[in-house]
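> Pasting a structure below so you can have a look.
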Amino acid sequence: MAEILAVGEAMEPALALLEGGDIVAIPTETVYGLAGDATNGIGVARIFEAKGRPRFNPLIAHVADMAMAERIAIFDPLSRKLALAFWPGPLTLVLPQRPGNGIHPLVTAGLDTIALRMPRGFGGDLIARLGRPLAAPSANSSGKISATTAQAVAADLGARIKLVVDGGATPVGLESTIVKAEGERLRLLRPGGIAAGEIEAAIGMDLLRRGAAGVEAPGMLASHYAPGAAVRLNAGTVGEDEALLAFGNHRAEGWQHAAAFLNLSTTGDLREAASNLFAYMQDLDRSGACTIAVEKIPFDGLGEAINDRLSRAAAPRDNTEPTT
Ligand code: TXA
Ligand code: MG
């Protein structure tokens, strides 16, 4: 069972876990977050594993200050204005990533944009001490509502994590408002803790919005992640012009002739495989092979999300599907 520690005594244990690539539930002003080092792929994979998410949707990277934010993303003037007006606070900005920012690709599910937020209180202090951004979705298992107390986090995820930092009930109680820069305008992707009207007043213009459907399905469009190469799943053989994405130690027939070869995890560790997935798909795509053959990957644990993402890559569609 997870240990629950008050914010006054949790800093060092939380840091130790994060330094070791483990995850911690932390209070923020909106809801509790399930945090891992955003530069550590194993830590980020553990987040998805603990939440039991059937797919990898992109996570928010939480920063301690503006300098850290500017190292990670490229700010346009409007987004910078909002950051200065509302950070730290319940506002998340989706921005282009700065190349070489060290953010693990599993955080952004391979997108070239990133969602950034500067939280108030313990979370901000923890990130400053760690010196690295924290990836943190809401601390609830997939399909459940976000937790606003440490007790709710422990009741839901306690068997799967080691530490819940107790900062009392979260003051805002619902998730951050998400806004995305689109050319000279900003689009509301998710209503949340800061009213859209407050944001519109700060920038002196209306936010773009989705139609009647309301919230966009951010980052979940298949078109957001479609490699140039075709993708062939459950490959038992490899053609000469195909790249091979392998898993475990039982090779597909003809693997020696693969145009390019990477193994997601030689030991068959799904956590390691998840942390390598996006980078390896991109590398194999860059190899120029016209098809990426992917060996069979089991569906247990993180395997479900890995297979979900691979099947989107194999059958690119451009429909919109809501996130969970
Ligand atoms: O208040 C909050 O925002 C909380 C606390 C813990 O900070 N976090 C939270 O995270 O609600 P999560 O993972 O439950 O929701 C993050 C949302 C998802 O809808 C995701 O699709 C979207 O942010 N998102 C993340 N990166 C994105 C990107 N690059 N483009 C568009 N949407 C993105
Ligand atoms: Mg959530």
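The values are calculated or read from the model by the stated rules, or taken from the named source; none is laboratory data. Please read all numbers here as calculations on a predicted model, not as lab measurements. For neighbour counting, all protein chains shown are included, and Cβ atoms are generated from backbone atoms with ideal geometry for every residue, glycine included. Calculation scope for accessible area: heavy atoms of the full protein, side chains included, ligands and nucleic acids excluded. Shrake-Rupley method; radii C 1.70, N 1.55, O 1.52, S 1.80 Å.
> Which members of the stretch 163-174 meet the condition of being exposed (fewer than 15 other Cβ atoms within 10 Å of the Cβ) and either of a type in the set (Val, Ile, Thr) or touching a residue at least 60 places away in the same chain (Cβ under 8 Å) (or both)?
Result: GLY168, GLY173.
> Just a yes or no: is a residue in the stretch 129-145 away from ligand 1 (no atom under 11 Å from the Cβ), open to solvent by 40 Å² or more (accessible area, probe 1.4 Å), modelled with pLDDT under 95 and in contact with a Ser or Thr (Cβ under 7 Å, 6 or more places away or on another chain)?
yes
> Find all pairs meeting these conditions: Cβ atoms under 9 angstrom apart; at least six residues apart or on different chains; first residue within the stretch 4-21 and at positive phi and in a loop (DSSP other than H, G, I, E, B); second residue among the aliphatic types (A, V, I, L, M) and open to solvent by 50 Å² or more (accessible area, probe 1.4 Å).
GLY21/ILE42
> Do any residues in the stretch 30-49 that are touching a residue at least 12 places away in the same chain (Cβ under 8 Å) and outside any helix (DSSP H, G or I) have Cβ atoms under 9 Å from those of residues that are within 15 Å of ligand 2 (Cβ to nearest atom) and among the acidic types (Asp, Glu), where the two are at least six apart or on different chains, and which pairs are they?
THR30/GLU175; VAL31/GLU175
> Being of a type outside the set (Asp, Glu), open to solvent by 30 Å² or more (accessible area, probe 1.4 Å) and either farther than 19 Å from ILE42 by Cα or touching a Lys or Arg at 6+ places or on another chain (Cβ under 7 Å) (or both) is the filter here; which residues of the stretch 56-77 pass it?
Passing the criteria: MET66, ALA67, ARG71, ILE74, PRO77.
> Mind checking whether some residue in the stretch 151-166 is assigned to a strand (DSSP E or B) and touching an Asp or Glu at 6+ places or on another chain (Cβ under 6 Å)?
There is at least one residue in the stretch 151-166 that is assigned to a strand (DSSP E or B) and touching an Asp or Glu at 6+ places or on another chain (Cβ under 6 Å).
Here's the yes/no breakdown for (1) open to solvent by 50 Å² or more (accessible area, probe 1.4 Å); (2) under 23 Å from PHE48 (Cα atoms); (3) modelled with pLDDT under 90:
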residue: ALA235; (1), (2), (3): no, no, no
residue: ASP269; (1), (2), (3): yes, yes, no
residue: CYS290; (1), (2), (3): yes, no, no
residue: GLY301; (1), (2), (3): yes, yes, yes
residue: THR320; (1), (2), (3): yes, yes, yes
residue: THR324; (1), (2), (3): yes, yes, yes
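> Here is a follow-up. Only one of these is in a loop (DSSP other than H, G, I, E, B) and either over 18 Å from the mean Cα position of the chain (by Cα) or surrounded by 22 or more Cβ atoms within 10 Å (Cβ to Cβ) (or both): LEU126, LEU116, LEU111, LEU106. Name it.
Unique residue meeting the criteria: LEU106.
> How many of the residues making up the stretch 50-81 are outside any strand (DSSP E or B) and either within 12 Å of ligand 1 (Cβ to nearest atom) or touching a His at 6+ places or on another chain (Cβ under 9 Å) (or both)?
Number satisfying all stated conditions: 9.
> Residues GLU216, GLU240, GLU175, GLU198: which one is more than 26 Å from the chain's Cα centre (by Cα), within 16 Å of ligand 1 (Cβ to nearest atom) and either assigned to a loop (DSSP other than H, G, I, E, B) or modelled with pLDDT of 85 or more (or both)?
GLU198
> For the stretch 243-253, give me each residue that is closer than 17 Å to ALA230 by Cβ and either part of a loop (DSSP other than H, G, I, E, B) or open to solvent by 10 Å² or more (accessible area, probe 1.4 Å) (or both).
Of everything in the stretch 243-253, just one residue is closer than 17 Å to ALA230 by Cβ and either part of a loop (DSSP other than H, G, I, E, B) or open to solvent by 10 Å² or more (accessible area, probe 1.4 Å) (or both), namely ALA252.
> Quick check on THR92: is it within 14 Å of ligand 1 (Cβ to nearest atom) and in a strand (DSSP E or B)?
yes
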